[in-house]
Amino acid sequence: MDATANFTDVSSELLKEHPEVLPILRMSTCPPIARDRLIGLAGVSKTLVESMEDSTNPRIPPRISTERLEKDLKRICGIIEKMADPDIFVWLNRANPASDVELSRAATIVADRLCGAVSDPIIRNAQEKRQLNAIGEWLQTRGYKHVEGIRFSEMEAGTYSFRTNVPVSITGDGEPAKVNIPVDVVIMPLKANCDDLPLLIEAKSAGDFTNVNKRRKEEAQKMVQLKSTYGTEVQVGLFLCGYFDSGYLGYEAAEGIDWVWEHRIDDLVLFGL
């Protein structure tokens, strides 16, 4: 597209015919914009964006009015235009149109971003599955028994479960509310007493240092909620694989959260297992 083209109008028309292009446009901004953030910044219908990005059937919702569709698509494309990455689309602020080399380079970068956005969750899920399998095998060799469908408070000594909901109390302006916190691994030690709390472990993996510092507050917030509900005796640990720097580890340690590296899985015994 040359500098005189109306990006918003052209792109909104393109999205009408090819809604599957929206994820590509999101990867064209600086920084690449997440789906929910685009919805918030553009002030558009969540249903519209999710329908357009449906991996099996990207489409425009059939019940949306023509007027509303025109308005929402132009809002989306307006945000994309404002946030377009100038280091990729170097021709946007000049009179000369893009060269073939510049177009090819831009397409390659955006395609690489899109591949990463699609593959990262798949890789994370596979890594988490591997981590849980490793913990399960380690526990079973030491006499632990895997249980399913059992409440957090009813686990017996020498048992463990995966992806268990742990209820916590949330206090706000109104009455305290009960919510469930999903925990990757819940382990009741072999030598636990009847009134002991199980050990809670979160499996974490990271391919770089960037995202971990965005996610470090998640575990800390869980710890605050668990302590407020069950007291300071509750024990939470992390099972780590990949890139976790001192900033991340220090933040977790300050909240009373310890960790074990996957390549040193035998350190789990330090949790009393």
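Coordinate-derived values only; no laboratory data. Since we're looking at a predicted model, the values are computed, not measured. We place every Cβ from the backbone using ideal geometry, glycine too, and count neighbours over all the protein chains shown.
Here the dipole of the stretch 121-271 is about 340 debye; that uses its Cα centre as origin and unit charges on the Cβ of Lys and Arg (positive) and Asp and Glu (negative).
Annotation: lysines with alpha-carbon distance below 30 angstrom to K222 (same-chain offsets under eight excluded): K46, K129, K145, K178, K191, K204, K214.
Here the chain is assigned +1 on the Cβ of each Lys and Arg and -1 on the Cβ of each Asp and Glu. Its dipole about the Cα centre then comes out at about 300 debye. Between the residues M223, I60, V186, the greatest Cα displacement towards the positive end of the dipole of the chain, with unit charges on the Cβ of Lys, Arg, Asp and Glu, is found for I60. With neighbours defined as other Cβ atoms within 10 Å of a residue's Cβ, the residues Y243, Y230, Y248 order from fewest to most as Y243, Y230, Y248. In the chain, taking the dipole from charged Cβ atoms about the Cα centre, the farthest positive-side position among L197, S153, G78 is held by G78. Applying both filters, DSSP loop and at most 13 other Cβ atoms within 10 Å, to the trypsin sites (Lys or Arg not before Pro) of the stretch 1-102 gives R59, R63, R94.
Rounding to the nearest 10 and keeping the result within 0 to 90°, find how far the Cα-based axis of helix 100-140 lies from the longest principal axis of the chain. On a 0 to 90 degree scale, this one is about 10. Placing pseudo-labels 7 Å out from each Cα toward the beta carbon at S228 and N6 gives an inter-label distance of 5.1 nm.
Compute the Cα gyration tensor for the stretch 7-98, then decide on rounded, prolate or oblate, letting a ≥ b ≥ c be the square roots of its eigenvalues: rounded whenever a/c is under 1.5, prolate when a/b is larger than b/c in the other cases, and oblate in all that remain. Here the stretch 7-98 falls in the prolate category. Given springs between every Cα pair under 10 Å in a Gaussian network model of the chain, which of F89, F244, F162 has the largest fluctuation? Result for the chain, Cα springs under 10 Å: F89 fluctuates most. Residues E81, E252, arranged from fewest to most other Cβ atoms within 10 angstrom of their Cβ, appear as E81, E252. Note on the stretch 7-98: dipole from Cβ charges, positive end direction compared against L41, P23, P97; the farthest Cα belongs to L41. Restricting the GluC sites (Glu not before Pro) of the stretch 117-165 to loop positions (DSSP other than H, G, I, E, B) with no more than 10 neighbouring Cβ atoms within 10 Å leaves E148. Other residues with beta-carbon under 15 Å from the beta-carbon of I88 carry, at +1 per Lys or Arg and -1 per Asp or Glu, a net charge of 0.
If only the Cβ of Lys and Arg carry +1 and only the Cβ of Asp and Glu carry -1, the dipole of the stretch 120-193 around its Cα centre is close to 300 debye.
Looking only at P62, P182, P32, which one moves most when the chain is put into a Gaussian network model with springs between Cα atoms under 10 Å? Per the Cα network of the chain with a 10 Å cutoff, P62 tops the list. Over all orientations, the chain has a Cα convex hull whose mean projected area works out to 19.3 square nanometres.
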